[in-house]
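These notes concern the structure reproduced below.
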Amino acid sequence: MGRLELVVLGLTCCSAVVSGAKLGSVYTEGGFVEGVNKKLGLFGGYVDIFKGIPYAAAPKVLENAQRHPGWQGVLKAKGFKERCLQATITQASTHGGEDCLYLNIWVPQGKKEVSRDLPVMIWIYGGGFLIGAANGVKFLNNYLYDGEEIATRGNVIVVTFNYRVGPLGFLSTGDPNLPGNYGLRDQHMAIAWVKRNIAAFGGDPDNITIFGESAGAASVSLQTLSPYNKGLIRRAISQSGVALSPWAIQKNPLLWAKRIAQKVGCPVDDTAQMAKCLKMTDPRALTLAYKIPLTGLEYPILQYLGFMPVIDGDFIPDDPVNLYAHAADIDYIAGTNDMDGHLFASIDMPAIQKHKQPVTDEDFFKLVRGLTITKGLRGANATFDFYTAPWAKDSSQEVRKKTVVDLETDILFLMSTKIALAQHRANAKSAKTYSYLFSHPSRMPFYPSWVGADHADDLQYVFGKPFATPLGYRAQDRTVSETLIAYWTNFARNGDPNMGPLAVPTRWHPYTPESGDYLEITKKMDNSSMKQHLRTSYLRYWTLTYWALPTVNGEGASPAPPTDGPDVTPAPPTDGPDVTPAPPTDGPDVTPAPPTDGPDVTPAPPTDDSKASPMPFTHDPDAGPVPATGDSEGAQMPVVIGF
């Protein structure tokens, strides 16, 4: 046989191997789909990529999505579909479309045969329930949420999908006329579609992990608690957000619905007429009727978040803290970044980003007051005292600015995550619970040197960007990415982040309330990376000392809201829910928190004229109880927390 014939034969053999390691056309409930088969380097395997498979029909405005009717022929699933209609970053216009309920799938393949029974990981993106897309932002040469690195390194199937956000996804009148949660139901439809169809792609429909970050993490948590997902989800990972986060549930949806209705000229006194009118309104007008201010805020930015999930009595049948029995058999990882609050603190108090601009006592007290509205001045004074106690020893600007970040991290992310972990563990049957803290410092060049891991800093490492775009990263960044992918995909495979085909740097012990174990994830990890009882004294403060303070209703409950006008962002409610974390209030192993309102509780009056500018510096017996300090066991936590 001649040399040329050998070359031709070799190419033929290679071609046969390639064809044996790709799915080709896949039959789904809607019809056949065909993706792209990609070779992974000269000696690597392959990955089948499907982009733009519809999991539901184009939804009608402010209505639940319906099953897709299917298609004829073979659907070419080779490009991302546009995001769901939402405001641009400037909030001056919209992008995306109404026909947006599509998903994307990455299936790793070997060199010789297609994969079978792979674990499945479904990603839910964040964005404050206001923005976001299945593929994320363009990141150097690829998209942020490109699933290739996770899929091929962890040998798992990765799925991403679009869901509705903003008013179109979460506007609610708080009654059956517009029950809300359209975006949550989109997420559920995507999960259910994967359950029904993923076997055809080589996935195990009985081994589905959902994971997400920020609003996506809270969505993950809510999906595990909804009775609609019974039997669909095996495991879940929440990165910087849980169902108990103060921004995860809107307790006063009608107020925000009325503001939108006013802006677009719909009735506000009759929710049935309001709903009818809103459904006929241009969806772009609905989207642009809500704007969130980013500068010159009178309140912390959290108070301006209006559109998020609601307790509708159906998909979310009760307060999430009471729904953890639904997650009794769902393995769960939840954690935060060590400076998750930095992004929000830099909006609320821009001085923390500026080297020469100081943070004063007055600045910090104003922020505290805005985050402790329903406890009035007693809550603000007690919180100010507790967080500024370390300033007696070191009142440098770096310490002060870190305190600002700590306050927002605690309130927005950490305390609710700790309570969610305790609730999951207390209600678990077969499920395992794991806790982590991500502390690899931010690489933003204009951040102060003291900044740790900011909100969303973990995303690039989870999605393997240090490998996909290596020129933008250091060796230590690749180490962090490798670590996260290993723990996450091992967990998705069998519920144990330590066991699987990828090696991990140290053993991650499960969380229990007694141990308070959590894994600190950073560039150098060893046995000392397992730590216990993160910010215990602060958890005690929020769930015991602060929560026991009486709620202030009516006048004095909050500063006066901004005056409405045609171009004014809706004001936060003056009697709405507090933004601070609450302890569990029921359950067989929970000591109920003292009631904060009701016929037998007399709200404490403000300690000064409610119209005067509040000042924290004159303390008296009515300024609130002295919070516990240190990590002593003197202040007893509810049993479920374990202190």
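Nothing in this text is a laboratory measurement; each read-out follows from the coordinates by a stated rule. What you are looking at is a predicted structure, and each value in this text was computed from that prediction instead of being measured. With ideal geometry, Cβ positions are generated from the backbone for all residues, glycine too; neighbour counts draw on all protein chains shown.
Restricting the calculation to Cα atoms, region 50-143 shows an Rg/Rh of 1.01 when the hydrodynamic-style radius is the Kirkwood one. Computed from the alpha carbon positions, the gyration tensor of region 45-545 leads to an equivalent ellipsoid with semi-axes of 33, 30, 21 Å, biggest first. In this structure, the residue pairs whose Cα-Cα separation is over 21 Å, taken from K354/K402; K366/K401; K60/K291; K195/K465; K39/K523, are K60/K291; K195/K465; K39/K523. Our summary gives region 45-545 a relative contact order of 14 percent, counting only alpha carbon pairs under 8 angstrom and 6 or more residues apart.
Using R0 = 45 Å, the C-beta based FRET efficiency linking S396 and R67 works out to 0.15. Subtracting the Cα-Cα distance of E113 and K356 from their residue separation scaled by 0.36 nm leaves 81.3 nm. How big is the antiparallel share of DSSP beta bridges in region 45-545, given as a percent to the nearest 5? So the antiparallel bridges amount to about 35 percent of the total.
Calculated FRET efficiency, E298 to I89, Cβ-Cβ distance, R0 = 22 Å: about 0.50 to the nearest 0.05.
Modelled label positions at M530 and K279, each set 7 Å beyond Cα in the direction of Cβ, lie 5.5 nm from each other.
This ranking places M499, M525 by how few other beta-carbon atoms lie within 10 Å of each, fewest first, which gives M499, M525. Couplings for region 325-336, taken from phi via the Karplus curve 6.51 cos²θ - 1.76 cosθ + 1.60 with θ = phi - 60°, read 4, 5, 9, 4, 10, 10, 4, 9, 10, 9, x, 9 Hz in order; Gly and Pro are left as x. A Förster radius of 35 Å, combined with the Cβ-Cβ distance separating E29 from Q262, puts the computed FRET efficiency at roughly 0.25.
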